[in-house]
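Asks: Please read through the structure below; I'll follow up with questions.
Bear in mind these aren't lab numbers, they're just calculated from the coordinates by the rules spelled out. Being a predicted model, the structure only gives us computed values, none of them experimental. All Cβ positions, glycine included, derive from the backbone under ideal geometry; neighbour counts span all protein chains shown.
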2 protein chains.
Amino acid sequence: MKDSVLIVSGGMDSITMLYEYKDRIAIGLSFDYGSNHNAREIPFARMHCERLGIRHIVINLDFMHRYFKSSLLEGPDAIPEGHYADDNMKSTVVPFRNGIMLAIATGIAESNGLRHVMMANHGGDHTIYPDCRPDFVAAFGSATAAGTYEGITVEALYTGITKADIARRGHALGIDYGETWSCYKGGVRHCGRCGTCVERREALAEAGIKDNTVYDSPLTMPYE
Amino acid sequence: MKDSVLIVSGGMDSITMLYEYKDRIAIGLSFDYGSNHNAREIPFARMHCERLGIRHIVINLDFMHRYFKSSLLEGPDAIPEGHYADDNMKSTVVPFRNGIMLAIATGIAESNGLRHVMMANHGGDHTIYPDCRPDFVAAFGSATAAGTYEGITVEALYTGITKADIARRGHALGIDYGETWSCYKGGVRHCGRCGTCVERREALAEAGIKDNTVYDSPLTMPYE
């Protein structure tokens, strides 16, 4: 039964969720908030939705670029390099981004007679991003249930697993992760050195999956 | 201490809260979601913020017009007339609007080093709008506290009082409610017959305050 909206960025996690739950997803929802990498990732979100016959909507949030504070909104040179869990990745946080995306997805779900909003945050996000943690997801789900006529719920089904776990699921589903985007710098190719690139490389290596991503710095891990 | 963002529409309730808590409000935040009445109410929000020396920001949410279902977004002829609490006013609900506005306000608060988000929903809103009720506000506040580094909280200080109570407070503060906007039809003058006009007229009458609003239908209550 198609009863859900999925927030789909075009990265590994949300594309995996799109394929794993394709029979439940009525709408794939992407957000363009003016970051460096939105222009790279959203076309992948669209492509995979089209392949699966799922309606794809892009919501423009360009006010974030103007009024929000985050290195993710300041051009590629502001993006820190290193490990995803490092403290300097904190600068890439867009304040309450998941709250904003979930709230809009909830309104779109209720407007379209759907019952659930899905988000593909995972266990490794928790260290940096407060709006990826289980207590946030639970509280937000209580708010959507209370604040809508239909009692919309939030499902974050990867909250307890790792990105490597997700990669294994996606690989089993036939996903080529070369057709997804991670790099926060948003260049022509993945930089290979920013936190999201390092996290991608580690997850695929840990899952034992051949990495088809073309990197600018493919040979060594930057923190080695 | 200026530590808060207020969501300010330009209506009676939020303008009253703006004046009552002006010493705590650093930013007044209005949302233009393409409704009939946004163009009428936002200039009042801006004017009062300017008078009080409070920064005013307008966030454009024009995606709502395209993807959300509400008579409020369908032109003046779609707005029902009658009593504010009547069931037909349900058609004016913009799904999860308060959730979306609170989420964006939370991101702006965190981006600007502020600690609280204020909203001027009141007791009379509860019958129609699920995202004005105390349980929604409490759950959303838990989500903002969990989902931000600074533990942003939501304050909805009029949740337990009526619009007539608010009018009394504002009158004591010297507010001329002729310098606020309610009408959902968004014409040159208040129509006097839609739910929000009727609610305004009743609240001012109940509070014993002279109504300076210019209505198209000033003489009788439409449900009499």
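Asks: Among B:A172, B:A146, B:C191, which residue has its Cα furthest toward the positive end of the charge dipole of the stretch B:146-224, with +1 on Lys/Arg Cβ and -1 on Asp/Glu Cβ?
Replies: Towards the positive end, the residue furthest out is B:C191.
Asks: First check a/c for the stretch B:75-114, with a ≥ b ≥ c the square roots of the eigenvalues of its C-alpha gyration tensor; if it is under 1.5, answer rounded, and if not, answer prolate when a/b is larger than b/c or oblate otherwise.
Replies: prolate
Asks: Then there's this: Counting only DSSP beta bridges with both residues in chain B, tell me the antiparallel percent, nearest 5. Don't skip to the end; give the middle numbers.
Replies: Details: 1 of 18 bridges.
Percent antiparallel among DSSP bridges in chain B is about 5.
Asks: Right, here's the next one. Relative contact order (percent) for the stretch B:4-207, with alpha-carbon contacts under 8 angstrom and 6 or more residues of separation?
Replies: Working: 383 pairs, mean separation 54.6, N = 204.
It rounds to 27 percent for the stretch B:4-207.
Asks: Evaluate the Kirkwood expression for the hydrodynamic radius of chain A, namely the inverse of the mean inverse distance over all pairs of different C-alpha atoms, and round to one decimal in Å.
Replies: Details: mean 1/r = 0.0571 Å⁻¹.
The answer is 17.5 Å.
Asks: Now, a different point. In whole angstrom, how far apart do the alpha carbon centroids of the stretch B:1-21 and the stretch B:31-62 sit?
Replies: Between the Cα centres of the stretch B:1-21 and the stretch B:31-62 lies a distance of 12 Å.
Asks: Of the beta bridges DSSP finds with both residues in the protein assembly as shown, what % are antiparallel, to the nearest 5?
Replies: Working: 2 of 36 bridges.
That works out to approximately 5 percent antiparallel.
Asks: Something else now. Measuring from centroid to centroid over Cα atoms, what is the spacing of the stretch B:133-153 and the stretch B:117-132 in Å?
Replies: 15
Asks: Still on this structure: In peptide B:55-64, what is the residue-averaged number of other protein chain Cβ atoms found within 10 Å of each Cβ?
Replies: 3
Asks: Helix check for chain B. Which DSSP H runs span at least 15 Å along their own axis by Cα, with a mean Kyte-Doolittle hydropathy no less than 0.0?
Replies: B:97-111, B:134-147
Asks: Next question. Given the protein assembly as shown reduced to its alpha-carbon atoms as identical point scatterers, what log10 I(q)/I(0) does the Debye formula return at q = 0.10, 0.13 Å⁻¹?
Replies: -0.71, -1.10
Asks: Determine the equivalent ellipsoid of the stretch A:31-71 by diagonalising the alpha-carbon gyration tensor, then write out the semi-axes as square roots of 5 times the eigenvalues, largest first, rounded to whole Å.
Replies: After diagonalising the Cα gyration tensor, the semi-axes are 24, 10, 5 Å.
Asks: Most exposed first by the Cβ proxy, i.e. fewest other Cβ within 10 Å, how do A:D125, A:D176, A:D32, A:D77 rank? Intermediate results must be reported in sequence, preceding the final value.
Replies: Values: A:D125 21, A:D176 13, A:D32 16, A:D77 8.
Taking fewest neighbouring Cβ atoms as first place, the list is A:D77, A:D176, A:D32, A:D125.
Asks: With respect to the cross-link table entries A:K90/A:K163; A:K69/A:K185; A:K2/A:K90; A:K69/B:K69; B:K69/B:K185, which display a Cα-Cα separation exceeding 26 Å? Working shown, then result.
Replies: Working: A:K90/A:K163 19 Å; A:K69/A:K185 17 Å; A:K2/A:K90 36 Å; A:K69/B:K69 31 Å; B:K69/B:K185 17 Å.
In this structure, A:K2/A:K90; A:K69/B:K69 lie more than 26 Å apart at Cα.
Asks: At what distance in nm do the modelled label points of B:E206 and B:Y21 sit from each other, each positioned 7 Å from its Cα along Cα→Cβ?
Replies: Reported label-point gap for B:E206 and B:Y21 is 2.2 nm.
Asks: Within 10 Å, at most 15 other Cβ atoms, and a DSSP state outside H, G, I, E, B define an exposed site. Report the longest part of chain B free of exposed chymotrypsin sites (Phe, Trp or Tyr not before Pro).
Replies: My reading of the result: B:1-148 is the longest stretch.
Asks: How long are the semi-axes of the equivalent ellipsoid of the stretch B:77-187, taking √(5λ) for every eigenvalue λ of the Cα gyration tensor, in whole Å from largest down?
Replies: Working from the Cα gyration tensor, I get semi-axes of 27, 18, 14 Å.
Asks: I've got another one for you. Most exposed first by the Cβ proxy, i.e. fewest other Cβ within 10 Å, how do B:L102, B:L29 rank?
Replies: B:L29, B:L102
Asks: Which of the trypsin sites (Lys or Arg not before Pro) found in the stretch B:1-56 are in a DSSP loop and have at most 11 neighbouring Cβ atoms, other than their own, within 10 Å?
Replies: Details: sites: B:K2, B:K22, B:R24, B:R40, B:R46, B:R51, B:R55; in loops: B:K2, B:K22, B:R24.
Listed in order of number, the matching sites amount to none.
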